[in-house]
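Participant: Shown below is the structure under consideration.
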Amino acid sequence: MIGLMPGHPPYRLLVVDDSVENRLVLRRLLEQVGFDVLEAASGQEAVDLYESSQPHLIWMDLRMPGMDGNEAARRIREVESGRRNEEGKEIHTPVIALTAGVIGDERLSSHSEVFDGWVYKPFRETEIFDMLEKHLGVQFIYQPSVGSAVDVENTRDTVALTPSDLSILSADWLNKFYRVLRKGRSAELLKLIDQIRPEHGELAGTLAGLVRIHRFDKLIAVTEGALKENANG
């Protein structure tokens, strides 16, 4: 799977999960084929993003602290109710449940009012793309890409970045960078990196490279280390 068939409009997808690692896995998968991906770390954030950004499809984790996925989906349906597109048709946003446990018949019946489908964790890539084809009508371009995958892994392995490299940056910048990292928002991260580029060009290039291949796990670890080094003087 290397991309969307030509002619598709830009699609905005929302991934909702309180785990940054889980969001990152799905985000990588979706962005590599051309989707624009938004993230929410809670049910309330999902409702707010739905109102402000109107994604074309939502991946909703069921188990989250506070407002869980079921309640968030119900709130989204309430907001959606009565909305119409430019052609006058009622808007219906597909919401796909992500769950680590098997849903029983009784729960399945109650969830069917707000969810359009279910994917069980750990999911297979084919399940994700099948859902997108079914609910958005998208078509994908398929091509073997083993070499590209190997190149990406090699790039990741050769990047050496330590907390000491980042500790030369201001605590204020590091804190901002860390907060955005936890949200996994690539565009905002690249804007922050541009702020340090005039003075720290090589470091900025390394950070931007890691952001572009979505190595947020690596970046979170070294940023935490740099903040600790700064705090300890």
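Participant: Could you identify the single residue in E71, E45, E39 that is part of a strand (DSSP E or B) and of a type in the set (D, E)?
Facilitator: Details: E71 fails: part of a strand (DSSP E or B); E45 fails: part of a strand (DSSP E or B).
After applying the criteria, what remains is E39.
Participant: Let me ask you something else. Considering only the range 197-212, I want to know if a residue exists there that is aliphatic (A, V, I, L, M) and in contact with a Pro (Cβ under 7 Å, 6 or more places away or on another chain).
Facilitator: Going through the range 197-212, the residues aliphatic (A, V, I, L, M) turn out to be 203-204, 207-208, 210-211.
The next check asks that each one be in contact with a Pro (Cβ under 7 Å, 6 or more places away or on another chain); those that pass are none.
No, the range 197-212 contains no residue that is aliphatic (A, V, I, L, M) and in contact with a Pro (Cβ under 7 Å, 6 or more places away or on another chain).
Participant: Does at least one position in the range 13-23 carry a residue that is surrounded by fewer than 20 Cβ atoms within 10 Å (Cβ to Cβ), part of a strand (DSSP E or B) and not aromatic (F, W, Y)? Step through it out loud before you land on a result.
Facilitator: In the first step, residues of the range 13-23 are kept if they are surrounded by fewer than 20 Cβ atoms within 10 Å (Cβ to Cβ); the result is 18-22.
Within this subset, residues satisfying the condition of being part of a strand (DSSP E or B) are none.
There is no residue in the range 13-23 that is surrounded by fewer than 20 Cβ atoms within 10 Å (Cβ to Cβ), part of a strand (DSSP E or B) and not aromatic (F, W, Y).
Participant: Separate question: Against the definition (free of Cβ contacts under 8 Å to residues at least 60 places away in the same chain and touching a Phe, Trp or Tyr at 6+ places or on another chain (Cβ under 9 Å)), how does A46 come out, yes or no? Before you say what the answer is, go through the steps one by one.
Facilitator: Details: free of Cβ contacts under 8 Å to residues at least 60 places away in the same chain: yes; touching a Phe, Trp or Tyr at 6+ places or on another chain (Cβ under 9 Å): no.
Judged against the criteria, A46 is not a match.
Participant: Then there is this: Taking the range 1-23 as the region of interest, how many residues are touching a His at 6+ places or on another chain (Cβ under 6 Å) and either in contact (Cβ under 8 Å) with a residue 60 or more places away in the chain or of a type in the set (V, I, T) (or both)?
Facilitator: Taking the range 1-23 and keeping what is touching a His at 6+ places or on another chain (Cβ under 6 Å), we get 11-12.
From the residues that got through so far, the ones that are either in contact (Cβ under 8 Å) with a residue 60 or more places away in the chain or of a type in the set (V, I, T) (or both) too are 11.
Of the residues in that region, 1 qualify.
Participant: Of the residues in the range 189-220, how many are part of a helix (DSSP H, G or I), at pLDDT 85 or above and either surrounded by 14 or more Cβ atoms within 10 Å (Cβ to Cβ) or in contact with a Phe, Trp or Tyr (Cβ under 6 Å, 6 or more places away or on another chain) (or both)?
Facilitator: Residues in the range 189-220 being part of a helix (DSSP H, G or I), at pLDDT 85 or above and either surrounded by 14 or more Cβ atoms within 10 Å (Cβ to Cβ) or in contact with a Phe, Trp or Tyr (Cβ under 6 Å, 6 or more places away or on another chain) (or both): 12 in total.
Participant: Separate question: The conditions are (1) within 22 Å of E133 (Cα to Cα); (2) in contact (Cβ under 8 Å) with a residue 60 or more places away in the chain; (3) out of contact with any Gly (no Cβ under 7 Å at 6 or more places or on another chain), and A41 fails exactly one of them. Which is it?
Facilitator: The single condition A41 does not satisfy is (1).
Participant: Considering each of S148, S164 in turn, give the residue that is loosely packed, with under 13 Cβ neighbours inside 10 Å, at pLDDT 90 or above and assigned to a helix (DSSP H, G or I).
Facilitator: S164
Participant: Right, next: Evaluate the following for E224: is it farther than 26 Å from S42 by Cβ and acidic (D, E)? Break it down stepwise before answering.
Facilitator: Working: farther than 26 Å from S42 by Cβ: no; acidic (D, E): yes.
Judged against the criteria, E224 is not a match.
Participant: Residues in the range 221-233 that are over 24 Å from S19 (Cα atoms), out of contact with any Pro (no Cβ under 7 Å at 6 or more places or on another chain) and assigned to a helix (DSSP H, G or I): how many?
Facilitator: So in the range 221-233, the residues over 24 Å from S19 (Cα atoms) come out as 229-233.
Retained after the next criterion (residues that are out of contact with any Pro (no Cβ under 7 Å at 6 or more places or on another chain)): 230-233.
Filter once more, so that each one left must be assigned to a helix (DSSP H, G or I): 230-231.
Residues meeting the conditions: 2.
Participant: Of the residues that sit in the range 120-141 and are part of a loop (DSSP other than H, G, I, E, B) and loosely packed, with under 10 Cβ neighbours inside 10 Å, which one is modelled with the highest pLDDT? Before you say what the answer is, go through the steps one by one.
Facilitator: Start the filter on the range 120-141 by keeping residues that are part of a loop (DSSP other than H, G, I, E, B), which leaves 121-124, 137-139.
If we keep only those that are loosely packed, with under 10 Cβ neighbours inside 10 Å as well, we get 122, 137.
Numbers: P122: 79, G137: 89.
Going through the qualifying residues, I end up with G137.
The values are calculated or read from the model by the stated rules, or taken from the named source; none is laboratory data. Fair warning: this is a prediction, and the values are worked out from it, not measured in the lab. Quick reminder, even Gly has a Cβ in these numbers, built from the backbone with ideal geometry, and neighbours come from all protein chains shown.
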